[in-house]
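The values are calculated or read from the model by the stated rules, or taken from the named source; none is laboratory data. Since the structure is predicted, the reported quantities are computational estimates derived from the model, not experimental observations. When we count neighbours, we look across all protein chains shown, and the Cβ atoms used for this are built from the backbone with ideal geometry, even at glycine.
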Amino acid sequence: MRVIDLRSDTVTRPTPAMRAAMAAAEVGDDVYGEDPTVNALQRQVAAMLGKEAALFMPTGTQSNLCGLMAHCQRGDEYIVGQMAHTYRWEGGGAAVLGSIQPQPLLQQADGSIALADIEAAIKPDDAHYARTRLLALENTWGGHVLPLPYIEAACALAHGRGLATHLDGARVFNAAAAMAGPADQALLAICRPFDTVSVCFSKGLGAPAGSALAGPRELMVRANRVRKMLGGGMRQAGVLAAAAQHALDHHLLRLVHDHDHARLLAEGLRALRGLTVAEPQTNIVFVDLSADQAVLLQARLPALGVLVGAVSGGAGPGLARLRLVTHLDVSGDDVTQAVAAFAQAM
């Protein structure tokens with residue numbers, strides 16, 4: 001029986017063409033800066049994001065942490081969303097390893113932080129306070145695309161108050177694909193206001209591992225030192241870099257199919273009694289249902305060939321929420337079968 005895995009877009013497997021690119025990759029010692037495939041990938045990523053330089057990382061968590069630690073010193077503070085990945089789901093690395101104090105703020109429904117809240121959270125130059133140094137945003141957030149005017153206004157506010165800006169762009173390629181116009185121009189527009197941007201290759205792009213941090217050349221030198229301290233100095237890393245290159249060259253334009261499949265999934269599930277399904281903007285579908293139904297579905301769906309993610313709190317008392325993610329390994333037929341499995345399980 002074919003298993004339809006909707007837990008996350010991190011479960012994708014390398015395509016045969018990607019495996020061939022990995023096998024053929026020219027490699028060298030990246031710690032010495034001698035891996036030609038890594039070097040080519042870093043130049044490609046920097047150009048795509050409109051930055052001076054980029055640094056290949058094994059994981060998105062390390063990429064974000066290197067960015068935070070390159071911007072901030074011990075005793076500094078960064079402003080971040082209460083539900084942002086860098087604050088809530090990355091092991092507290094900024095505080096534990098970087099001695100950087102997070103200042104988490106309430107987010108709006110689309111993942112943005114109100115400009116007035118950002119302004120109010122910036123500390124005065126006073127020895128009683130941590131030094132506010134950085135604003136970190138996330139795009140996409142829960143599948144939501146941050147509006148470009150908001151990004152520009154938030155970064156302008158931060159820069160006007162002497163703060164640097166960082167984007168956790170783990171799914172920024174999905175954000176660009178969801179915007180009007182050419183995706184490459186949308187990507188540049190999203191990233192332009194930020195000093196540094198972290199991107200991930202192992203989600204919608206389908207690479208087996210790898211992320212990159214991009215920004216000013218001098219800051220990437222500092223980030224490289226942090227990467228070494230964090231154990232991220234890989235040697236013949238071109239094998240992984242080749243997978244990321246293949247993903248950038250061949251999998252960017254197909255992200256719109258994942259978004260179409262997410263809308264198809266939402267439409268099908270919305271027809272089932274007892275499910276409240278939000279309209280997806282990208283490849284993530286949220287389903288609110290009773291806690292009892294959620295437990296029931298999690299128990300029954302695997303036997304019907306469908307895997308779903310962990311249950312979280314829903315939009316109201318007694319409700320639970322399922323997150324379903326479409327990706328490279330989920331076809332339109334898979335979506336139809338998944339909806340049928342939900343109907344049978346309920």
Exercise for the section: Within segment 284-301, work out how many residues are surrounded by 14 or more Cβ atoms within 10 Å (Cβ to Cβ) and farther than 20 Å from residue 145 by Cα. Expected result: 11
Practice task
Would you be able to say whether some residue in segment 104-111 is within 18 Å of residue 196 (Cα to Cα) and within 20 Å of the chain's Cα centre (by Cα)?
Solution key: no
Exercise for the section: Tell me, please, whether a residue that is in contact with a Leu (Cβ under 7 Å, 6 or more places away or on another chain) and free of Cβ contacts under 8 Å to residues at least 40 places away in the same chain can be found in segment 1-12. Expected result: no
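Quick grid of which residues meet (1) touching a Lys or Arg at 6+ places or on another chain (Cβ under 6 Å); (2) of a type in the set (Asp, Glu); (3) free of Cβ contacts under 8 Å to residues at least 60 places away in the same chain:
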{"site": "148", "(1), (2), (3)": "no, no, yes"}
{"site": "162", "(1), (2), (3)": "no, no, yes"}
{"site": "166", "(1), (2), (3)": "no, no, no"}
{"site": "184", "(1), (2), (3)": "no, yes, no"}
{"site": "187", "(1), (2), (3)": "no, no, no"}
{"site": "190", "(1), (2), (3)": "no, no, yes"}
{"site": "196", "(1), (2), (3)": "no, no, no"}
Practice task
Consider residue 244 carefully, then state whether it is assigned by TED's automatic domain parsing to the domain that holds residue 62 and within 26 Å of residue 179 (Cβ to Cβ).
Solution key: yes
Handout entry: The one condition in (1) over 19 Å from residue 193 (Cα atoms); (2) surrounded by 14 or more Cβ atoms within 10 Å (Cβ to Cβ); (3) touching a strand residue (DSSP E or B) at 6+ places or on another chain (Cβ under 6 Å) that residue 134 fails to fulfil
Key = (1)
Exercise for the section: For residues that are of a type in the set (A, V, I, L, M) and surrounded by fewer than 22 Cβ atoms within 10 Å (Cβ to Cβ), tally how many sit in segment 75-106. Expected result: 6
Practice task
Please find, within segment 306-346, the residue that is surrounded by the most Cβ atoms within 10 Å (Cβ to Cβ) out of those that are in a loop (DSSP other than H, G, I, E, B) and small (Gly, Ala, Ser).
Solution key: 314
Practice task
Determine, yes or no, whether residue 252 is in contact with a helix residue (DSSP H, G or I) (Cβ under 7 Å, 6 or more places away or on another chain) and in a helix (DSSP H, G or I).
Solution key: no
